[in-house]
Amino acid sequence: LQERERELRESQKIEIMGELTAGIAHNFNNLLQGIIGNLDFALETPGEAPLLIGKALESTESLAEMLRQLMSYSRKGLAPERVPMRLRTVVDSVTRVCRSTFDRRIVIGTHIADDLPAIDGNAGQLEQVLLNLCVNARDGLAEVTGRTPRIDIGVTAEHVDEQEMVLLQVRDNGIGIGLTLVRRIIEFHGGKIWVES
């Protein structure tokens, strides 16, 4: 059962990576076209060259950061070890990936409290939870019409059953769904999950 669960985690991770790759390819192509256009124009208009080359460098740095984030995520294992960590780093990492790969029309907001306690967690697994929820929110947003599609991620400290816990919320204005693997990972971390629609 443990081996089957590991295989399921890996297959879902590969599926998400495939979806992200499609988004990255689109954004990568757009940025690359901008770089090529600026460099071509710089060759034709020497007086504007410093400004145009500067714009090309900014786009190149954006491409490099996008790839760094994706490579960092793909290398993180899903081993069950947990260490003291803060959820802010997980949220920052996942939102960077989402902002660089999702449709630019989707607004991604984050609301992270300043006084959050550390938790015992596995960064790779928790990033997978948050990324799964964001990808599913993105898919549900495809049907949003007449309003700006948005995903909001919030992290606060709460008291639940007389225990101090960190509450991670993902809200969107699409149709939304949940995932079995998300529930399993949260339960492994000693957490609870609630869904409201």
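Quick note: the coordinates plus some simple rules give every number you see, no bench work behind them. Only a predicted model underlies this, so the values are computations on that prediction, with no experimental measurement involved. With ideal geometry, Cβ positions are generated from the backbone for all residues, glycine too; neighbour counts draw on all protein chains shown.
For the range 106-122, backbone phi angles converted through the Karplus equation (6.51, -1.76, 1.60; θ = phi - 60°) give residue-by-residue couplings of 7, 7, 10, x, 10, 9, 10, 5, 7, 9, 6, x, 6, 10, 8, x, 10 Hz, Gly and Pro being listed as x. Between residue 179 and residue 145, residue separation times 0.36 nm minus the direct Cα-Cα distance comes to 9.8 nm. Net length available on complete extension from residue 40 to residue 171 is 42.9 nm, with 0.36 nm assigned per residue and the Cα-Cα distance removed.
Placing pseudo-labels 7 Å out from each Cα toward the beta carbon at residue 15 and residue 30 gives an inter-label distance of 2.7 nm. Under 5 Å from the amide H of residue 112 lie the amide H atoms of 155, each residue being 5 or more positions distant or on a separate chain, with H modelled from the backbone and absent for Pro and chain starts.
Our estimate of slack between residue 3 and residue 105, defined as 0.36 nm per intervening residue step minus the Cα-Cα distance, is 32.8 nm.
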